[in-house]
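Have a look at the structure below before the remarks.
Please treat every number below as a calculation from the coordinates, not as lab data. Everything quoted here is computed from the prediction, not taken from an experiment. Using ideal geometry, Cβ is built from the backbone for each residue, glycine included, and neighbour counts are taken over all protein chains shown.
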């Protein structure tokens, strides 16, 4: 029954983050001229559908989303591309989007529908770089363990579309950006590397982070990072003066919806944070310590209690296993609560895909580690090999939902009876 409740809470969080409501409530003012819709991200097709349904004037546009995430639209073209490593389809889509917004006038409106995942869905390498270079950069960033803000600042340096560059291309048209936020703290400039929003952070800072996190870069990328070519526009650039940005869905709103549902069932619900970052296995240790304290000492919250958190953890890849950050979190949590009764947890990505596998996340409890050992799997060895997916698959504890149509990042819920 506890797993049923936890899955219900996850689905409540996802429902709260659906773009349809947020888009309707945040429509921009009608322009005198044309309305052009562009977008990128795992939720961008659903945002496009919602915008089409709500907009009562003429429009056209092009939006790119992840393979399998498309939504049928009549006036906005939806194309699919690869995530998390970009491909040729994304490369071509990025070029087409840049062409779509070229040559606009001051009376025209560009509506940018941006959600998480857009960084890899809009590959547009800087002069001197190739798509292969951008793919190599992405792979290195994904394996580094760097937080999303750092990854996006570094990505920004090698693109002609990220970091507000796309908005600069739209000028002098007005740009209204609607954001489904998947980043800790809901900094809209970080979502999808901010194609229509200037990203704070200098070239010098990007160099420091690339060194600090030991980001392996192709030779031409190293040369670009060492110099001052392809600098992004500054946030105070006059080209952005009339532009607007609104966040229409976020982890904070989703966690609060889940908390309210739990409280309605007599469970004390505490939102620890909607912006937790850090190594997934380390974040799991802190969550496990709090859950054990409640289970064993009935503090700081009386049972039954629910711990909720969101944000985006990272995984430094050391092994060759399968799985995403939520599976890694749960496997580390299962080891830390091994044998403790009354603790049940779920961790899942609100877009329905944890990493690059087919699951949103998984479940864990005080018996998980024991059941893994009975299945012939050493939990510690699986964690060391970054093989959480295989571990949870072996004992039937994966949570598989398919694409959800939104993306406000990680959802973690730990119920203590």
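Based on Cα contacts under 8 Å between residues 6+ apart, segment 126-210 shows a relative contact order of 33 percent. Here r is the Cβ-Cβ distance between residue 34 and residue 205 and R0 is 35 Å; the resulting FRET efficiency, rounded to 0.05, is 0.40. Taking the Cα atoms only, what angle lies between the long axis of helix 280-297 and the longest principal axis of the chain, rounded to 10 degrees? The two axes meet at around 40 degrees.
Summarised in one figure, the compactness ratio Rg/Rh of segment 18-249, Cα atoms and Kirkwood Rh, is 0.95. The distance between label points at residue 316 and residue 130 comes to 3.2 nm (points 7 Å beyond Cα on the Cα→Cβ vector). Across q = 0.07, 0.08, 0.11, 0.12 Å⁻¹, the chain modelled as identical point scatterers on its alpha-carbon atoms has Debye log10 I(q)/I(0) values of -0.33, -0.43, -0.79, -0.92, in the order of the q list. Beta bridges per DSSP, both residues in segment 33-181: antiparallel share near 5 percent. For the pair residue 286 and residue 3, the difference between a 0.36 nm per residue extended length and the Cα-Cα distance amounts to 99.7 nm. DSSP beta bridges fully contained in the chain are about 40 percent antiparallel. Placing R0 at 45 angstrom, the Cβ-Cβ distance between residue 241 and residue 75 gives a FRET efficiency of 0.95 after rounding to 0.05. Counting only alpha carbon atoms, the long axis of helix 2-16 and the longest principal axis of the chain meet at about 10°. Taking every pair of alpha-carbon atoms in segment 122-254, give the share separated by more than 21 Å as a whole percent. Here the tail beyond 21 Å accounts for 40 percent of pairs. May I ask for the angle, rounded to the nearest 10°, between helix 325-336 and the longest principal axis of the chain, with both axes built from Cα atoms and the value confined to 0 to 90°? The answer is roughly 20 degrees. Sorted from greatest to least, the principal axis extents spanned by the alpha carbons of segment 260-417 come out as 40, 37, 26 Å. Between the beta carbons of residue 340 and residue 222, assuming R0 = 41 Å, the FRET efficiency works out to 0.25 to the nearest 0.05.
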